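The values are calculated or read from the model by the stated rules, or taken from the named source; none is laboratory data. Keep in mind that this is a model prediction, so the values were computed, not measured. We place every Cβ from the backbone using ideal geometry, glycine too, and count neighbours over all the protein chains shown. All accessible areas refer to the heavy atoms of the entire protein, side chains included, with ligands and DNA or RNA removed. Shrake-Rupley method; radii C 1.70, N 1.55, O 1.52, S 1.80 Å.
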Amino acid sequence: MTTTTLEETTAQAPPPVSAPEQGARPFPLLRHSLVLAGRAVRKIRRTPEQFIDVTLQPIIFVVLFVYIFGGAVSGSTHDYLQYVLPAIMVQTVLFSSLSIGVNLNTDIKKGVFDRFRSLPIARSAPLIGAVSAEVVRFGVSVIVLMGFGYVLGFRIGTDPLSALAGCLLAVAFALCVSWIAVFLGTWLRESGAVQGIGFLVMFPLTFGSNMFVPTASLPGWLQAWVKINPVTHLTDAIRGLLVGGPVAGPVGWSVLTGAIILAVFAPLAVTTYRRKTN
């Protein structure tokens, strides 16, 4: 009698769904990515020292640039604060985007991601979840920077909605750049190499732009690079949205550049991640 019941139950049970089949569906991928993003956010909350680079670093940069270079560049620390604070916002979120590559490289070496392989989730879900959690760190950096800037005298020259759009553009662009760091973190063998190559890429992009001085004040050969540098367009876009100036062109170039980075490096990162964890 018991044997008959078990056979009927087994016969009526639905066939198991394999992990690749679940991962191929868009909604399970979104759900699994959000769950893993929540896990990453809880991990960040339990290790508050991870916020040092997005809280103290922008404050230090503002003080250094405004009070050391402000008078020489703009003739007034207040005028230079209006000019440089949007640039420091860009610099902070871009440099902060490198940390995810270092953390992923460390987690892979510790075997953390091997545990995810036993779960019925898409292989890309841990990467998407980790990148999505970076929104918290980027958001904290923007809030801290704007708050400290207001204390020093920075004022929005446009309107609150434009300023909010500028902050969101900085966060969105940093999320796209995070996929470069994810690719490096899943490709290179050592976390030190991830950080070293990341800074090697970021320094010419950030300092070789119009972040801290006007383009016209630079040598001619350097102006040619600055004018095609995507960070220049992003800085112009956020500067225009926060304090006024041209917006449409710089925003369009920034969105296009972010989309290209995402389209190129997200598939590359997933491919290298699969090879490393197989």
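The listed peptides 207-215, 114-122, ordered by packing as a protection proxy, come out as 207-215, 114-122 (highest mean of other Cβ atoms within 10 Å first). Computed on the chain, the Cα convex hull volume stands at 162 Å³ per residue. Gain on full extension, evaluated as 0.36 nm per residue between Ala193 and Leu30 minus their Cα-Cα distance, stands at 55.6 nm.
A helix-only calculation puts the chain at -26000 deg cm²/dmol for mean residue ellipticity at 222 nm, using -39500 (n - 2.57) for each DSSP H run of at least four residues, averaged over all residues. To put it simply, the accessible area of the range 106-192 at a 1.4 Å probe is 66 percent carbon and sulfur.
Note that the range 180-278, at 4 °C in a medium of 1.567 mPa s, gets a Stokes-Einstein diffusion coefficient of 85 µm²/s from its Kirkwood radius over C-alpha pairs.
Estimated translational diffusion coefficient (Stokes-Einstein, Kirkwood radius over Cα pairs, 37 °C, 0.692 mPa s) of the range 161-220: 238 µm² per second. This model, with +1 at the C-beta of Lys and Arg and -1 at the C-beta of Asp and Glu, gives the range 126-237 a dipole about its Cα centre of some 80 debye. Using every pair of distinct Cα positions in the range 118-245, the Kirkwood expression returns a hydrodynamic radius of 16.9 angstrom.
Mean separation of Cα pairs under 8 Å and 6+ residues apart, divided by the residue count of the chain: what relative contact order is that in percent?
It rounds to 24 percent for the chain.
Using the Karplus relation 6.51 cos²θ - 1.76 cosθ + 1.60 with θ = phi - 60°, the per-residue 3J(HN,Hα) values for the range 220-225 come to x, 5, 6, 4, 4, 6 Hz, with x marking Gly and Pro. Helix 77-96 and the longest principal axis of the C-alpha atoms of the chain enclose an angle of approximately 20°.
Rounded to whole numbers, the Karplus 3J(HN,Hα) couplings from phi for the range 263-277 are 5, 8, 8, 5, x, 4, 5, 5, 5, 5, 5, 5, 5, 6, 9 Hz, using 6.51 cos²θ - 1.76 cosθ + 1.60 with θ = phi - 60°, and x at Gly and Pro. Each Lys and Arg adds +1 at its Cβ and each Asp and Glu adds -1 at its Cβ; summed about the Cα centre, the chain shows a dipole of about 520 debye. Taking Gly198, Gly101, Gly153 as the candidate residues, the one with maximal mean-square fluctuation in a Gaussian network model of the chain, Cα springs under 10 Å, is Gly153.
Lys pairs in the chain, Cα-Cα under 23 Å, at least 8 apart or on separate chains: how many? Intermediate results must be reported in sequence, preceding the final value.
Numbers: Lys43/Lys109; Lys43/Lys110; Lys109/Lys276; Lys110/Lys276.
So the count works out to 4.
What residue among Val142, Pro86, Tyr273 has its Cα farthest toward the positive end of the dipole of the chain, where the charges are +1 on Lys, Arg and -1 on Asp, Glu, each on the Cβ? The one lying farthest along the dipole's positive direction is Tyr273. When the chain is treated as a Gaussian network with alpha carbon springs shorter than 10 Å, the biggest mean-square fluctuation among Val182, Val102, Val264 belongs to Val264.
In the chain, the longest principal axis of the Cα atoms and the axis of helix 99-110 are about 30 degrees apart. Farthest towards the positive end of the charge dipole of the chain, among the residues Val131, Leu119, Leu175, is the Cα of Leu119, using unit charges on the Cβ of Lys, Arg, Asp and Glu. Over the chain, accessible surface divided per residue gives 51 Å², non-protein components excluded, 1.4 Å probe.
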